Structures are given as C-alpha cells and as structure tokens.
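Student: Mind having a look at this structure? Questions to follow.
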Amino acid sequence: MGTLLVLLTLVTTPANTDVKANTYHPTFTKMVAFINTERAKHGLPPVKTDPALMANSARHTQWMAGNNSLTHSSGVAEIIARGQTSVPSVIQDWMTSRKGHREIILGNYKYVGAAGYSYHGRLYWCMQFSGNKIKYSAPMRYIAPAPQYQSS
C-alpha cells in the first residue's frame with residue numbers, strides 16, 4: 001500500500017486564478033521553497049507552481065512506485081529520485097548530482113510541479129519544470145497500474 005503525499009485541492013477563489021488559489025501538501029511547497037532558495041543563491045528568479053505540472057508530477061511518482069522504476073516521463077524538463085527520506089536530502093542530491101539535475105534546477109524556467117510518493121516504505125520524488133504555464137494536465141505516456149494508496 002502506497003501513500004500519495006499530495007493531491008491538488010482547489011480552493012474556490014474566482015478572483016484569483018494564480019498559484020495562491022491552490023493548496024498543496026506542505027512537503028511539495030517545501031520542495032519548491034528549497035528549489036527557489038537554490039535559485040536565489042545564483043541570482044535567478046523563483047519558479048511558481050503550476051497545477052498541471054503538480055498533477056503530472058504526482059501521477060509520475062505514482063507510476064514509478066507502482067512499477068518499481070526510476071524512469072523519466074516525456075515532454076518536460078524533469079528530475080526524479082528514489083529513496084531519499086526528506087526534502088533537504090533529495091534537493092541536496094539533485095544539486096550535487098553529475099547527471100544534469102543542478103542545471104535543470106538552475107535553468108531558465110518559470111513554472112514547476114513537485115511530488116513525492118511513498119510505496120512499500122520507499123519514497124519516490126519528481127519535479128517538472130517549464131518555461132510556460134501548462135494549460136492542461138496531459139496524460140502521461142505511461143499507463144501505470146494504479147497502486148493502492150491513501151491520500152493524506
């Protein structure tokens with residue numbers, strides 16, 4: 001049984017359609033805050049959460065967990081990880097990785113999606129970046145078996 005760390009919850013605020021109208025699990029807002037701290041250290045503007053990227057990241061972490069696979073999805077700049085037990089540890093691993101993760105975090109992006117998923121005691125992480133706001137949450141290229149989970 002897995003645990004989805006977040007599902008997007010929309011707060012009814014008709015006058016505000018930006019990020020503030022969305023409430024995300026604290027773990028994911030913490031991921032974005034850590035990324036923005038790293039970007040600020042390098043003189044880069046912060047990235048903003050995008051609901052479609054948040055949903056895509058959540059789906060992809062579920063897919064990776066359900067398939068016991070650390071595999072990239074398609075269509076966006078993406079960083080993934082498995083096994084780290086905290087937000088600081090996964091961000092630190094990405095920032096010191098030789099696989100280009102740091103370059104993505106410090107890239108010319110405006111929007112981000114972040115997710116984590118715990119399955120059989122193992123954490124899977126995903127962040128997706130885009131230069132443009134995504135208009136919809138496109139289906140992932142993978143069709144994953146839906147793992148059993150409970151939203152928290």
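Student: What FRET efficiency comes out for K110 versus S69 if R0 is 22 angstrom and r is the Cβ-Cβ distance? Round to the nearest 0.05.
Tutor: Efficiency at R0 = 22 Å is approximately 0.15.
Student: Using Cα-Cα distances under 8 Å and only pairs 6 or more residues apart, what relative contact order does the range 13-129 have, in percent?
Tutor: Relative CO of the range 13-129 lands at 36 percent.
Student: Just add up the charged neighbours of G107: K/R +1, D/E -1, any other residue whose Cβ is under 12 Å from the Cβ of G107.
Tutor: For residues surrounding G107, the net value is 0.
Student: Within 10 Å of each candidate Cβ there may be at most 15 other Cβ atoms; applying that plus a DSSP loop requirement, which trypsin sites (Lys or Arg not before Pro) in the range 64-114 survive? Don't skip to the end; give the middle numbers.
Tutor: Values: sites: R82, R98, K99, R102, K110; in loops: R98, K99, K110.
Passing both the DSSP loop test and the Cβ count: R98, K99, K110.
Student: Once both labels are modelled 7 Å past Cα along the beta-carbon direction, what's the T85-K41 spacing in nm?
Tutor: 2.3
Student: Sticking with this one: Reachable lysines from K99, Cα under 28 Å, same-chain residues fewer than 8 places away excluded?
Tutor: Once the sequence-local lysines are set aside, what remains near K99 is K30, K41, K48, K110, K133.
Student: Report the full-extension gain for the segment R102 to K48: residue separation times 0.36 nm, less the Cα-Cα distance, to one decimal in nm.
Tutor: Working: separation 54, 0.36 × 54 = 19.44 nm, distance 1.77 nm.
Once the chain is fully extended between R102 and K48, it gains 17.7 nm.
Student: Quick check for you: with a 1.4 Å probe and neighbouring chains kept, what is the accessible area per residue of the range 72-121, in Å²?
Tutor: Numbers: 2470 Å² over 50 residues.
Here the per-residue accessible area is 49 Å².
Student: If you don't mind, another one. What residues have an amide H closer than 5 Å to that of Y119, excluding those fewer than 5 places away on the same chain, when H is modeled at 1.01 Å from N in the peptide plane?
Tutor: It is T3, Y124, by chain and number.
Student: Once you order the gyration tensor axes a ≥ b ≥ c over the Cα atoms, which shape class does the range 56-96 get: rounded for a/c under 1.5, otherwise prolate or oblate by comparing a/b with b/c?
Tutor: Here the range 56-96 falls in the oblate category.
Student: Now, a different point. Heads up, I need the accessible area for I104: 1.4 angstrom probe, whole protein in place, Å², nearest 10.
Tutor: For I104, the solvent-accessible surface is approximately 40 Å².
The values are calculated or read from the model by the stated rules, or taken from the named source; none is laboratory data. Being a predicted model, the structure only gives us computed values, none of them experimental. Reconstructed Cβ throughout: ideal geometry from the backbone, glycine too, with neighbour counts over all protein chains shown. Keep in mind that these areas ignore ligands, DNA and RNA; they rest on the heavy atoms of the full protein, side chains included. Shrake-Rupley method; radii C 1.70, N 1.55, O 1.52, S 1.80 Å.
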